[in-house]
Every structure is written in C-alpha cells, then in structure tokens.
Amino acid sequence: MISRKILLLVFLISSIVYGQEIPPIQIFTTQDYKAEDQNWDISQDKEGVVYFANNKGLLRYNGARWELFPTPNQSILRSVNIINEKIYTGSYMDFGYWEKDNYGGLVYTSLIDKHGIDPKEDEQFWDIVEIENYILFQSLDRIYIYSVDANTFKIIESNQRINKIFKVNQTIYFQKNGNGIYEILNGEERLVLSSKKFQDNEIISIYSIDESLLLVTRENGIYSYKNGEVSIWNNKVNDVIKNLSVYSSIRLSDGSFIFGTISEGILHLNSNGEKIIKINQAGGLSNNTVLSVFEGNQGDLWLGLDNGINCVNLNSPYRVYKDKQGVLGTIYTSIKVDENLYLGTNQGLFYKDLTKDTKFSFIEKTKGQVWGLEYLKGTLFCGHDKGTFIINNDKAELLNGEIGSWVFNEIEDKPNFIIQGGYEGLSILELRDGIWSFRNRIEGFDISSRYFEFVNSNELLVNHEYKGVYKVKIDSNFTKVLDFKKLDIKEGPKSSITKYQGEILYCNKDGVFYYNKEKSEFIKNEVLSEPMKGDGYLSGKLVYDKSGNRLWLFSKNNIFYVEPGTLSEKPKINYVPISYELRNSKVGYENILRLNKNEYLVGANDGYLVVNLDKLDKVNNQVNIDNISFSSLHNKSVNLGVDESAELENKNNSILFKYSVTDFNKFSNTKYKYRLVGIYDNWSDWTPKSEVHFENLPHGNYTFEVKAHVGGIESNNTASYNFTIERPWYLKPMAIATYIIFGLLFLFLIQYFNSRYYKKQKQKLLEKKQRELELEQLENQRQLIQFKNQNLQLDIENKNRELGTATMNLVKRNELLNSIKEELSKSKSLNDIKGVVRLINSNLNNTSDWKLFEEAFNNVDKDFMKRIKALHPSITSNDLRLCAYLRLNLSSKEIAPLLNISHKSVEVKRYRLRKKMGLDHDESLTDYILDL
C-alpha cells in the first residue's frame, strides 16, 4: 500500500513537472521592488493597485513602478487587507491603517496608539479579517475585534497559540493549538471542532463547499466536515498534498483551489480536487516557498514568496512551454497529426501524445536541424539537414537521396508524386507499392528552394531570400527544367512565398505582393501590406493555416492573421498583441500551428507559446496619473495634489508626471503617449516610459494629457491635469503698472530732455547760422574790398601806364624839342628862328606840364609827396619833381629832358638831393625813394 502511494506520488509529480504548459509568470525580485525578500500577505484596491506586506514595510505596485512605505516602527509587516479604501496592516507590536493623501502618497494611523492599546511583548499581527462592520486583527495570542461604527475594541485572549483566523461565509473561525476549531459568535469564542485531527494538525485554510467545511492542514492533507462527521477529501489528491507542506491557500473565483507550499511551489486543483497544474521553481516560479497567495481583480494569481514576488496570469490567453534545460532547442516547424504533436527543432524531431500528460520524446535518428513538416497523402514528411525522413508515429526513416530538404508539396494530376525543395534545387519523391522513395532530382535548376508554389501544373515560383524569385518551367515528366527566369521583384532577407485563397503571395520588407499570372509580375497588395508598414518589419515569413483558412504574418510588435471578409471581398485583418521580444522566435523561421478551433502553437527559441484567440478579450484599461511633482533649479521636488489643479510660482517651472495602467499580463505591451496642451499640442510617439519630465516651462496655462495602449487596445480614457505657471514677478500686474508709470515718466523725461536738447541745438544752429552769416558777410565785404582793391589796383596800374605813357611822351616831346632847338641853333639866320626858339623854350619850361604830371602822379601815389616832405622838410619843389621822376624809376638821361637840363646837371641835382636827405655814399638814392 505504501509503495503504491509512493508510485502514485512520483507519477503525479513527474507528470506535472514534465511536459506541461503553464500560464505566463511575471517575476519580481528584490532588485525590482527595492525591499526585502519575504512577502507575507497581499491585497488590492479597487483601482487595481497591489499591496504587499514585506519585511521592510508596505509595498505598492501599480503596474509601472514600485513604492515602499516603511512602518513607523521600522518593523516587519505581517498582514495587509484593504477595507473600504483603507489599507489595514499588522506588524510587530502595532496595527493600524494607511490612507491615500492627495499627492499619491500614504499616511499611516496606528490604532494601537490611537486607542492606547497595550500589546503583549513581541506580539505580531499575522492576519486581518473584515466581517460586517468589524475588523479583526489576529496575533498568536489574541484576536482584537475593532468596531468601526463604535470605534471601540474588544479582545479575545488565548493561552494557546492561535495559528490563523478564517472567514467562511459570514462566520469567523480560528484554531487554538491543542484545543481545536473555534467560532466567534456574538463577540465570544465557541469551540465547534474538537477532533484530535484539528487539535494537533495546523489548519491553513477553511472553505465552504457542498454544505460542508473543507479544512486544509499543513502536512496532513484536506478534511471534509459535514453534519458532525470528519472525512478525507479526495483520497487521490490527499496523498499528494500530505507530502507538500502547505503554508498558504486560497479559493479562486471560479471555485478552484490554489495551495502554496513550503518547498514545492503551488498546486492548482479544481473544485473536485482534480489537478489542473503544479508550478514550482523548475517550472517557472522564482522560489518554491509560497508565503502568501492572492487572486487579483483581473484573475491574476499573486504569490508572496520567501524570496520575491510572482504574478501568474491564470486568465491569460497564452500558455507557455518553457524548455529550461535546452532539450528541445529552437523550434523551426510543428505539426499535429491526429493527437500527436511534432516539433521540428535545431536539435531534431520531438513528439508527444496530447491525450497524455507526458513530456516530449525525441525521435531517434533525427538528430540535427528539422526545417519542415508536411502531412501529405496520409504520410508525414520531415525536411531535415540530412535529407527527407518519413515519420510514422515515433519512428523515422531516412529516404536515400539528396542531403538537405526544406519543404514538400503535392503535384496536380500526379497522385504518386511529391515535389520537395532542397539545398540544391527541386526533386521528386514517388510512391511505389505503398512506399515512398526518392525518384529523381529535377535537372537544370540548382538554386536552394526553401519556398516554392505552383503557378500551373508545370510552372512554379521559387524564392531565394538572397537571389530573388524565379519562375521555373518543368517538363511534363518532372525530370528537368525547360526554362527559368528571375522575376522583377526585389529580393530580401527573411522573405518568403506562399499561396493563400488561390493567390501566390510574396513578402519582403517593402510589403506583401500578389502574383499576376497574365502580366507575369508581382503587384503590391496594399491591404495586406498596411499592418507591416506601421508595425515595424521584422520578417517576411508567411504561414498559411489550411485548416483554419488563415494567413499569418509576423511583425516587431504583433502577430497578424488574415481571414476572408464576412460581407465583402476585403479580407479581415486581426492581430495577436505579442511582440518579438516576448514571443522569442527565431527571425525568418517563425512558425505557427493550429491545435484546435482557435488555439495556436507559436514556436520559440526556448519552447513555445499556445495562444487561445477566444481569450484575446478587448479589455479597456484605464490610465491613471499617480504622482505630480515640481521643482526649481536648486530646490527639491514637491508633490502636487493629483485631483486638483495647481498654480505654480514661475521659479517652479519644472514638472514631473508619473502615470500607470494596472495591467499585470506578462505579454501585454503597455505603452503611453502624452501631450502638454499650451506648448506641445501634438501627441508624442508611443513609449513604454511611464513618466515624463517637462523642464523650464514658460508662464501660461497648461493641460497635461496621457493615453495608454495595452495589448493593442487603447485606454478608454485620457487622464488629464490642469496647471498654471504664474508670470515671473517682473511680469505681474503690479510690476507692469510700475513699468507703465516708469515708462510714462521715462517718456516724459525723454521728451523733456529731447526738448531741451533740440532747443539747445536750435540755438546752436541759430548761432552757427548767425556766425556763418557774419562770416559770409565778412567774406562778402572782403571779396568786395578785394574787388575794390583789384579795381583800384587796375586803376593804379592804368594810371601808372597813363603816367608812364604821359611821362614818356613828355620825355620824347622835350627830346624832340631840344633836337629841333639844336638844329635851329645851327641855322645862320638867327633872327628868323629866335621866335621859334623862344616858343620851344617856353614849351620846355611850361609849368602846366608839371602840374598835369603832378596831378597824375598824386593820383597814383598820392601820399608820396607828403611822406617825403615830412621826412625831408628842406627839399624844394624842384627836388620834389626830381623825387617824383626817380619814383618812376627814370634814369638820369630820361629825367634831363623833363627838367630841360643836361644829364650832368641831373647828376648834380641828385647829388645835392642825397645830401639833403642825409644818405650814405653807399646807399642808392633811387632805391631809397622806391622803398618809401
């Protein structure tokens, strides 16, 4: 009997460990949440924010960031329960509640301090339960009953250890070691189960099921209590649970049970006690010791572990098969034949019977890379690096032929032929006497043929990702290529070709193209290319699911599948919101397999995913603004109320927004976009960052808006926040009024000083003008004087010329008269000429000539006579006459006729005149007279 139980236990455990597909698990380590390792209790508020009782305090997680709120006494937090928007917690020597403030923080109130309660020495509070309007706080020695309405406490004391407190329907139970199970009725304890089983075995949980109580023990299985009778619940599973050491448990909303163990992770049973799944550290948990379990608002299972926190997405449309030991390798292809699942990987071919809970088994002889699997004509063909295998259940037979085969296809009107694409081109497999064998290689085309599709019975298109697409024509016997040519379509890495709805499709980074038979060319299909355009090209791999009539495409952020339109010819394009990073497939070797109606297997590098399309619910999540803070250049950040608008001083012009969506699905790709109306009116690009910091904002009115995008669905709300940054002090109304006053005063002063300046300038200009006029007048006078002087000089020069002319005329006349006189003197008849001589002498001595000369001379040099007379008063009139002739610079010879004397007499006169003037012997008389 014992050996049978051990075998049963080994079988159950092994069947759970190996070959199981588990829900996605999010793992949070101490590095993620920045607190200590142990997490004793879990709760969640109505917004979806999750709280954890951690060794270091109260942890809060909103899907985007973790926050830690240490207990006031810096002690371990043992319990947490959110009741009516208050977060009640129990810790070492204290219990109380936390309330959210308007800034996104939490404020703690100690009920121990508030009510003056004196706890026992080293008392810790392990559980908090709410019933009606009472809240119960349980320690190992007491139960504190808090009346919310009356704000009073009642304490139930116990001399025995109180292990746990349980709420079942509307009844409170608890266990005292050695005594049994009690209930609290009208505020008093009452023993209800005193069976030996419940005195010695620690009770972990109590549930109500089928009008009976289900009691989960730590190490002795599960018991049922009904009508005073105690029995073992489900003998088969009870033997397993007894060896698991259960520490925590919960009944989920669907009626199933989760058991958290000390060393074996969690066990999930349905309401009948049948195993659903068991997950331990080897299966995906980060730790095997489960201290607390909690079902979240979205059906997620939260696990508080001895080292970390895990979130199991029980309701996820995805299940994960993780190949942690690397036995399977990277999955390149998969196929389901009857109830056998085959996986072709870089390690070989594996299979498992889907009707049995077993691990995958390796098919012998297939070690190496498996490229393709096709089930044709009742036979499973395997394209392998070694060649082609025929697979029969778990047996593989290698066909003799060429090394390296990719894919297989049927040939129209050739029921016994299969054409295969290989490393060195195309070849034919033939069915003879019920046995498939290699027939021949098709000669004349040696390009690797990973993808090919028939255009007609003897023409096909072959795609090579680095060389392009070729149209190949084969003879009717499929032995040689008659012709081939490269089509005018761009080749591309990771490109592929397939047939869907009767059309040959080709996909590369430029989009999806369909083959036009009439034009013998590819034409872009805009409808199918659109998803790839906006979602980021990753691979051109196309997968046609014949059984589901769906075409699958793969992008960076999503997997797309195309279905025929319901009411139109336009195809319907759907998407599975799982990014390349999360699906972890080998690029260019993406593969997807239909397991049943709407469940698909997606191959990965370390296992595979199973996607249930029916569970891809379009959940509308809400985005929330969690925290807003501002700061100036040198100040610390200050929180703002998230529920009210703010007016900030101008110096506080740097503001930080933190926001989140409470979605905890591992495969949800949460992104945000935002804008700041008032300066950045356009929406930002989608980004995974859950905060944004605006710095050095100018004054003005602003509205911050943020949206979320979760799992391909945009949030059904836009969270917003209004705030104003005040004008700087120098732009406030008082400052502006001051500026206006000073401006007006400044303008007045400018006007005043301008007026003074212009008056001075005007005066200066007038004075300058006056000076200029005076100067101009003086200049005119000078010019007039100059003109007069010039005229006078001209007159003088004219008179000098006249004087000179007259003088010369006198000289010449006198000379002539003297000459005549001399000639007459020579005449013999003196009596006849005496009268003439007398007349000549009369003319020579005529004083009127002198008077005329004197008048003319004075006109020219009028002051000369006066000056010389004044200088030499002793000179006579004859001396003055001589002086006048010398002034004219006449020589003695020229003067003699004018004085009617001889040349010698003139010299004597000059000598006498020198003496009268007192001139030295060396001094020239003529120069002296000219210089006067």
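Wholly within segment 209-301, which strands (runs of 3 or more DSSP E) include no fewer than the required count, namely at least 3 residues that are more than 23 Å from residue 315 (Cβ to Cβ) and without any contact (Cβ under 8 Å) to a residue 60 or more places away in the chain?
212-217, 222-226, 229-232
Residue 122: in a loop (DSSP other than H, G, I, E, B) and of a type in the set (D, E, K, R), yes or no? Working first, answer last.
Values: in a loop (DSSP other than H, G, I, E, B): yes; of a type in the set (D, E, K, R): yes.
In short, yes.
Could you give every pair whose Cβ atoms fall below 7 Å, whose first residue belongs to segment 33-47 and is closer than 16 Å to residue 249 by Cβ, and whose second residue is of a type in the set (Asp, Glu) and assigned to a loop (DSSP other than H, G, I, E, B), counting only separations of at least 6 or pairs across chains?
Once the first residue is closer than 16 Å to residue 249 by Cβ and sits in segment 33-47, no partner that is of a type in the set (Asp, Glu) and assigned to a loop (DSSP other than H, G, I, E, B) comes close enough.
So residue 828 ticks every box in (1) under 20 Å from residue 930 (Cβ atoms); (2) part of a loop (DSSP other than H, G, I, E, B); (3) at pLDDT below 65; (4) not hydroxyl-bearing (Ser, Thr, Tyr) but one. Which box is left unticked?
(1)
How many of the residues in segment 294-346 are out of contact with any strand residue (DSSP E or B) (no Cβ under 8 Å at 6 or more places or on another chain) and modelled with pLDDT of 95 or more?
1
So residue 717 fits all but one of (1) free of Cβ contacts under 8 Å to residues at least 60 places away in the same chain; (2) surrounded by 11 or more Cβ atoms within 10 Å (Cβ to Cβ); (3) outside any strand (DSSP E or B); what number is the exception?
(1)
Kindly evaluate residue 891 against the criterion of being within 28 Å of residue 819 (Cα to Cα) and either within 60 Å of the chain's Cα centre (by Cα) or surrounded by fewer than 17 Cβ atoms within 10 Å (Cβ to Cβ) (or both).
Judged against the criteria, residue 891 is a match.
Based on this model, can you work out whether residue 156 counts as in contact (Cβ under 8 Å) with a residue 24 or more places away in the chain, part of a loop (DSSP other than H, G, I, E, B), among the β-branched types (Val, Ile, Thr) and surrounded by fewer than 20 Cβ atoms within 10 Å (Cβ to Cβ)?
In short, no.
Please work out if residue 588 is of a type in the set (Gly, Ala, Ser) and surrounded by fewer than 16 Cβ atoms within 10 Å (Cβ to Cβ).
Spelling it out, it is not the case that residue 588 is of a type in the set (Gly, Ala, Ser) and surrounded by fewer than 16 Cβ atoms within 10 Å (Cβ to Cβ).
Is there a residue being modelled with pLDDT of 95 or more and either over 15 Å from residue 128 (Cα atoms) or touching a helix residue (DSSP H, G or I) at 6+ places or on another chain (Cβ under 6 Å) (or both) anywhere in segment 78-93?
Checked against the condition, which is being modelled with pLDDT of 95 or more and either over 15 Å from residue 128 (Cα atoms) or touching a helix residue (DSSP H, G or I) at 6+ places or on another chain (Cβ under 6 Å) (or both), segment 78-93 yields no hits at all.
What number of residues in segment 878-913 are basic (Lys, Arg) and touching a Phe, Trp or Tyr at 6+ places or on another chain (Cβ under 9 Å)?
Within segment 878-913, residues that are basic (Lys, Arg) and touching a Phe, Trp or Tyr at 6+ places or on another chain (Cβ under 9 Å) number 2.
Can you spot a residue in segment 111-129 that is small (Gly, Ala, Ser), under 19 Å from residue 164 (Cα atoms) and either touching a strand residue (DSSP E or B) at 6+ places or on another chain (Cβ under 8 Å) or assigned by TED's automatic domain parsing to the domain that holds residue 95 (or both)?
no
Pairs under 7 Å by beta carbon, first residue farther than 21 Å from residue 518 by Cβ and among the charged types (D, E, K, R) in segment 450-474, partner surrounded by fewer than 17 Cβ atoms within 10 Å (Cβ to Cβ) and modelled with pLDDT under 95, six or more apart or different chains?
From segment 450-474, the pairs are 465/491; 465/493; 467/491.
I'd like to check which strands (runs of 3 or more DSSP E) are fully inside segment 539-641 and have at least 1 residues that are modelled with pLDDT of 90 or more and at positive phi.
Hits in segment 539-641: 607-612.
Can you find even one residue in segment 694-708 that is at pLDDT below 95, within 20 Å of the chain's Cα centre (by Cα), part of a strand (DSSP E or B) and among the aliphatic types (A, V, I, L, M)?
yes
List the pairs whose first member sits in segment 385-400 and is of a type in the set (Asp, Glu), whose second member is assigned to a strand (DSSP E or B), and whose Cβ atoms are under 7 Å apart, counting only residues at least 6 apart or on separate chains?
Qualifying pairs under 7 Å: 394/351; 394/361; 397/389; 397/390.
What number of residues within segment 159-208 are in contact (Cβ under 8 Å) with a residue 24 or more places away in the chain, in contact with a Phe, Trp or Tyr (Cβ under 7 Å, 6 or more places away or on another chain) and among the acidic types (Asp, Glu)?
1
Examine segment 195-202 for a residue that is closer than 22 Å to residue 21 by Cα, assigned to a loop (DSSP other than H, G, I, E, B) and either under 53 Å from the mean Cα position of the chain (by Cα) or not polar (S, T, N, Q) (or both), and state whether such a residue exists.
No, segment 195-202 contains no residue that is closer than 22 Å to residue 21 by Cα, assigned to a loop (DSSP other than H, G, I, E, B) and either under 53 Å from the mean Cα position of the chain (by Cα) or not polar (S, T, N, Q) (or both).
Residue pairs, Cβ under 6 Å, 6 or more apart or interchain, first in segment 692-711 and of a type in the set (Gly, Ala, Ser), second surrounded by 18 or more Cβ atoms within 10 Å (Cβ to Cβ). List them.
Close Cβ pairs (under 6 Å, with a partner that is surrounded by 18 or more Cβ atoms within 10 Å (Cβ to Cβ)) amount to 708/623; 708/661; 708/672; 708/715; 711/577; 711/668.
Return the residues of segment 335-380 that are among the β-branched types (Val, Ile, Thr), out of contact with any Leu (no Cβ under 7 Å at 6 or more places or on another chain) and not in a loop (DSSP other than H, G, I, E, B); say none if nothing qualifies.
379
Which condition number does residue 206 fail, the rest of (1) modelled with pLDDT of 90 or more; (2) of a type in the set (A, V, I, L, M, F, W, C); (3) assigned to a loop (DSSP other than H, G, I, E, B) being met?
(3)
Give the residue that is nearest to the chain's Cα centre (by Cα), with candidates limited to residues of segment 107-119 that are over 18 Å from residue 40 (Cβ atoms) and not in a loop (DSSP other than H, G, I, E, B).
Among those that are over 18 Å from residue 40 (Cβ atoms) and not in a loop (DSSP other than H, G, I, E, B), it is 107.
Here's the yes/no breakdown for (1) closer than 26 Å to residue 669 by Cα; (2) without any contact (Cβ under 8 Å) to a residue 12 or more places away in the chain:
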position	(1), (2)
485	no, no
492	no, no
499	no, no
512	yes, no
518	no, yes
524	no, no
549	no, no
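Considering segment 507-520 alone, what residues qualify as being under 16 Å from residue 555 (Cβ atoms) and outside any strand (DSSP E or B)?
Matches in segment 507-520: 509, 510.
The values are calculated or read from the model by the stated rules, or taken from the named source; none is laboratory data. In this text, all values refer to a predicted model and were calculated from it rather than measured experimentally. Backbone-built Cβ (ideal geometry, glycine too); neighbour counts: all protein chains shown.
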